[in-house]
1. 5 Å is the cut-off here: which amide hydrogens, built 1.01 Å from N in the peptide plane, fall below it relative to Phe13, excluding neighbours closer than 5 in sequence?
2. Any idea which of Gln117, Leu162, Asn85 is furthest toward the positive side of the dipole for the chain, if Lys and Arg beta-carbons carry +1 and Asp and Glu beta-carbons -1?
3. Going Cα to Cα from Lys65, which lysines come in below 17 Å? Please leave out same-chain ones fewer than 8 positions away.
4. Given C-alpha coordinates of the stretch 29-107, what is the ratio Rg to Rh with the Kirkwood estimate of Rh?
5. Please list 3J(HN,Hα) in residue order for the stretch 81-89, calculated via the Karplus relation 6.51 cos²θ - 1.76 cosθ + 1.60 where θ = phi - 60°; whole Hz, with x for glycine and proline.
6. How large is the charge dipole for the chain, taken about the Cα centre, if only the Cβ atoms of Lys, Arg (+1) and Asp, Glu (-1) carry charge, to the nearest 20 debye?
7. Here are some values of P(r) over Cα pairs in 10 Å bins from 0, in percent: (i) 9, 26, 23, 13, 11, 10, 7, 2, 0; (ii) 9, 36, 33, 17, 5, 0; (iii) 9, 32, 32, 20, 6, 0. Which one was computed from this structure?
8. What distance in nm separates the two pseudo spin-label positions at Ala44 and Gln173, each 7 Å out from Cα along the beta-carbon direction?
Amino acid sequence: MPNLKQTTPLDGFKQTYNGLVVEELSGFEIVSIALVGGAEKAAAKSIKTFLGAALPKPSTWVSGKQGKTIWTSPNQYFLVAETSNDRLDEEFAAQFEGQAYFTLQTDGWACLEVSGQAVYEVLERFIPLDIRKAPIGFAGRSTAHHMSVLILKTAENSFILLTPRSSSWTFLQALEEVVKNVN
């Protein structure tokens with residue numbers, strides 16, 4: 001009989017460097033939310049009640065009772081829900097029929113938390129964004145060594161990086177190379 005083992009995109013990677021911790025995060029679901037054209041105001045109001053927070057403005061994320069909601073583009077968002085329910089998108093869609101579309105995205109993304117005293121020195125060399133001045137609650141889309149990245153500032157010295165799973169090991173190797181160059 002096969003012995004299947006659930007894995008994460010980066011196999012639970014965790015490494016501590018001089019002044020920096022890089023750790024893969026898992027145990028959540030990512031659901032994309034796209035508001036239906038013409039129903040944006042009604043959808044935003046309904047979703048605000050459901051999430052316990054208003055949908056985030058551009059370049060921000062908000063925390064609510066369902067998890068973190070990230071602005072990704074006009075009328076489109078990612079919800080990072082702290083659950084392991086691979087039917088979450090279907091459950092949400094049933095509640096907002098005609099107002100929004102929901103698609104499970106979890107398996108397409110890898111997630112790293114990068115934190116510590118050296119976080120700015122590393123990330124400013126890795127991602128071409130001015131994150132030193134960014135407030136907690138900032139969310140940005142950019143690239144890191146030609147790979148897509150979504151970056152969230154969660155605390156003064158802590159960031160979450162979401163990158164496509166298909167290039168996650170290359171992304172991690174590039175990040176580690178920057179860490180070595182800084183340390």
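1. Those lying under 5 Å, H to H, from Phe13 are Glu24.
2. Gln117
3. Lys45, Lys48
4. Ratio value, two decimals: 0.91.
5. Values, residue by residue: 9, 7, 8, 10, 10, 7, 10, 4, 4 Hz.
6. Values: 16 positive and 19 negative charges, 105 e Å.
Roughly 500 debye, rounded to the nearest 20.
7. Read-out from the structure maps to (ii).
8. Label-label distance for Ala44 and Gln173, simple model: 4.4 nm.
Since every read-out is calculated from the coordinates, none of them should be taken as a lab result. For clarity, every value in this text was computed on a predicted model and none was experimentally measured. Methodologically, a virtual Cβ is constructed for each residue, glycine included, from the backbone with ideal geometry; neighbour enumeration extends over all protein chains shown.
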